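*Asks:* Got a structure here, written out as structure tokens. Questions coming.
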Amino acid sequence: MSDHEGIVPSAPLLKDLKFSILSSGSGGNSLYIEADGKRILIDAGLSEKKLSQRMVSIGRSLQGLDAVFATHEHSDHIRGMGPLLRKHQIELYTTDGTYSRASSTLGKLPGFNSIRAGQPVEFGELVVEPYATPHDAEESVAFVIHYQGLRLGLATDLGRATSEVISKLQNLDVLLIESNHDVEMLDAGPYPWVTKRRIKSDVGHLSNESCGEILSAVKHSGLHLVVLMHMSETNNHPDLARLTAQQALGQSTPNLIIAEQNHPTPLIPLCSPAKI
Ligand SMILES: [Zn+2]
Ligand SMILES: [Zn+2]
């Protein structure tokens, strides 16, 4: 990627695993990951133009991406997907279920690669492992990213923690986990009853409390960073979500940050313990 060389000449730009949450929340989701010279995007819930701007702000570009993955067909995950894939001639990786539901929205694509839960996809040493999520979408998935013994887990848009979810999120170095709503704020808030019921259902979104239960079940001394994701601006408050997560993580609290809707995180490096 010659257009990336020279930004920080002395740094091994693409060899280490780095990621940035470009956007997180019901207004649009997208996660950028690079490692071993490979560059991928998971979800494209913002317009191609906005995603491009956010990539530039972290010193990267949408050009030359190796793959774009989709977790499921909801618009906050695929809104910008079709134009992005066509403009940059990138192939889509998603499940047959997601593709069948999303294809009319996506339009004609440069290429489609069918993925399935439990079947990892390899890009050099960067391995993308899909796992099934309980969500009101067709064959929705989330991902565990593997690279040289490092593990980054993404767990958003799921209504509850299944035993599969808990087992996939063990022994992670970084966990990006949904902390969507505070149940009391949701109950007292302005959403229609039907929407409230959907969000709280087993195939809806994780509450702060449910997020905390998962954190309790997967925390370990090697977990360096937890990012709270897909936070509702209407039915949650960052302080409430952070407090619940801190209580669940206990004394050995790793770094804890909250992903934002309107600003990307920096490009966050993930070093293997041996390099620290
Ligand atoms: Zn979503
Ligand atoms: Zn969703």
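Here, each number is a calculation from the coordinates, and none is a lab measurement. What you are looking at is a predicted structure, and each value in this text was computed from that prediction instead of being measured. Neighbour counts run over all protein chains shown; Cβ positions are idealised from the backbone, glycine included.
*Asks:* Rounded to the nearest 0.05, what FRET efficiency is calculated for SER252 and SER103 with R0 set to 41 Å and r the Cβ-Cβ distance?
*Replies:* Efficiency computed from Cβ-Cβ geometry: 0.35.
*Asks:* What order do you get for LEU176, LEU41 when you list them from fewest to most C-beta neighbours inside 10 Å?
*Replies:* So the residues, fewest neighbours to most, are LEU41, LEU176.
*Asks:* Moving on to the next point. Looking only at the stretch 23-38, which residues have a backbone nitrogen under 20 Å from a spot 7 Å from the Cα of GLU260 in the C-beta direction?
*Replies:* Within reach of a label on GLU260: 23-33.
*Asks:* So if the hydrodynamic radius of the stretch 193-247 is defined as the Kirkwood radius over C-alpha pairs, what does Stokes-Einstein give as its diffusion coefficient at 20 °C and 1.002 mPa s, in µm² per second?
*Replies:* On the way: Rh = 12.4 Å.
It comes out at roughly 173 µm²/s.
*Asks:* Let me ask something additional. Amide H neighbours of TYR131 under 5 Å, counting only residues 5+ apart in sequence or on other chains, H built in-plane at 1.01 Å?
*Replies:* Those qualifying (amide H under 5 Å, at least 5 residues apart or on another chain) are GLY118, ALA142, PHE143, VAL144.
*Asks:* I've got another one for you. Per residue of the chain, what 222 nm ellipticity follows from adding -39500 (n - 2.57) for every DSSP H run with n ≥ 4, rounded to the nearest 500?
*Replies:* Taken over the chain, the calculation gives -7500 deg cm²/dmol.
*Asks:* Then there's this: Pull up all non-local amide H partners of ILE268: gap of 5 or more, or a different chain, and H-to-H distance under 5 Å with H placed in the peptide plane.
*Replies:* HN-HN under 5 Å from ILE268: PHE19, SER20.
*Asks:* Also, I was wondering about something else. Semi-axes, largest first, in whole Å: what does sqrt of 5 times each Cα gyration tensor eigenvalue give for the stretch 158-261?
*Replies:* 24, 15, 10
*Asks:* Could you please rank VAL127, VAL203, placing first whichever residue has the fewest other Cβ atoms within 10 Å of its Cβ? Walk me through the intermediate numbers first.
*Replies:* Numbers: VAL127 18, VAL203 15.
The order, fewest Cβ neighbours first, is VAL203, VAL127.
*Asks:* Same structure again: Give me, ordered by chain and number, the residues 5 or more places off LEU92 or on other chains with an amide H under 5 Å from its own placed amide H.
*Replies:* GLY111, PHE112, ASN113
*Asks:* Can you give the log10 of the normalised intensity I(q)/I(0) at q = 0.12 Å⁻¹, computed with Debye over equal Cα scatterers of the stretch 1-116?
*Replies:* -0.40
*Asks:* What is the dipole size for the chain, taken about its Cα centre, with +1 at each Lys and Arg Cβ and -1 at each Asp and Glu Cβ, in debye to the nearest 20?
*Replies:* My answer is approximately 400 debye.
*Asks:* Order by neighbour count: MET81, MET229, fewest other Cβ atoms within 10 Å first, most last. Working shown, then result.
*Replies:* On the way: MET81 29, MET229 25.
Lowest to highest Cβ neighbour count: MET229, MET81.
*Asks:* Please say if the chain is rounded, prolate or oblate, where rounded means a/c under 1.5 for a ≥ b ≥ c the square roots of the C-alpha gyration tensor eigenvalues, and otherwise the choice is prolate for a/b larger than b/c and oblate otherwise? Could the numbers behind the result be given before it?
*Replies:* Numbers: a/c = 1.56, a/b = 1.18, b/c = 1.32.
Oblate.
*Asks:* Further, regarding this structure: Within the set LYS108/LYS168; LYS18/LYS168; LYS38/LYS87; LYS18/LYS87; LYS50/LYS108, which residue pairs have Cα atoms separated by over 26 Å? Write out the running numbers ahead of the final one.
*Replies:* Values: LYS108/LYS168 33 Å; LYS18/LYS168 20 Å; LYS38/LYS87 19 Å; LYS18/LYS87 24 Å; LYS50/LYS108 21 Å.
Pairs exceeding the cut-off: LYS108/LYS168.
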